[in-house]
Amino acid sequence: MNTLIMKYKQIVALTSLLAITANVKATPTNEELYGMILDLKKEVSESKTREKDLHANLDKANAELGAAKKQLGALPKTELIVTAVKQLDEIKKDEPPKIPNIKEGFSVSAGALYVKPITDDYLEDEVNYDPGFQVSTDYQAKNNWDYALKFKRFQSTTNIYSSYSYSPYTLNYNVLDLEIGKQITLSDNTSLRISGGLRSAIINEKNNHHNTYNYNSTYYSNFYSEGANFWGIGPRITADPTWKPFGNNFRVFGSVSGSFLMGQRNDTYSNSHYSESERHTDTIGMLDAGSGFGYTIKTNSTDIDLKTGYQLERWINKNNGNVFSGYHGAYGTIAIKY
């Protein structure tokens, strides 16, 4: 609009200038002046039409804004809050789970075992709980990958008595695990660690039998010893779910794993007269499960992780040559993460 007025003023000024300087330049004809006036009127009319349309659109926008304000004002404030919370929940559902912030670095762990071997039926009631230990070291890498090396050992010695025999039973259990794991986030307070690797086991067991009996008022005794020494190695897979019920450093965890070991077993037998040994290939499946709870104490430089739980392991031996077939019991560990 301002532009058109300025053009109109320029035409008027030009006309006056032409009238004054008629002696220098030729005066425009009446037809040319009339045409210039018609063009100016046309531009002014079109400008007024555009201005009218702009006012109409502005009035429409103001009406819609007033209706929206009126509608919002009619809703209770609590309903507005509930609606906003629901919309935020819908947005969160579409978002991928957050990756837990696992600190990168090394950690070392040590703990105690208190377990009871699972043996043949005739020994089961006699075998007691015995102490043991387990140690591990691992490296927490980027993207929640980790690499761990774990060692577990316990020894059980049981003296079995009866009216005519005395049988000491000895078991040495040694297991070494190498794992590569990945932490997977399932929700804000649940996660699952999947790992794979190798397990190596050395299991030595020996049962010494001392028998005494009476024959025709004469006491006789004999002695014989049975042993089974196994060594094997094979693949291992593990699934460790974790749940943080309070959303803090306290957690409840579980563990399920399976191993398939291939190796050799050396069976021995000896008495007071002779001895024999037989070595052959053996395959053993190992299934173990456990559960427990833990708590992490975080500091600026290190994290201290406390954990306790229960574990059970069973052996599936194809040749059934071992007296030992697993163990169960409690454990507790303390780990320091750098």
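Things worth noting here:
- Restricting F324, F253 to those that are surrounded by 18 or more Cβ atoms within 10 Å (Cβ to Cβ) and not in a strand (DSSP E or B) reduces the list to F324.
- Taken together, Y269, Y274, Y295 contain a single residue that is among the aromatic types (F, W, Y) and within 19 Å of N204 (Cβ to Cβ), which is Y269.
- When residues of segment 191-209 are limited to those that are modelled with pLDDT of 95 or more and β-branched (V, I, T), the one surrounded by the most Cβ atoms within 10 Å (Cβ to Cβ): I202
The values are calculated or read from the model by the stated rules, or taken from the named source; none is laboratory data. Because the structure is predicted, anything quoted here is derived from the model rather than measured. Cβ atoms come from the backbone with ideal geometry, glycine included; neighbour counts cover every protein chain shown.
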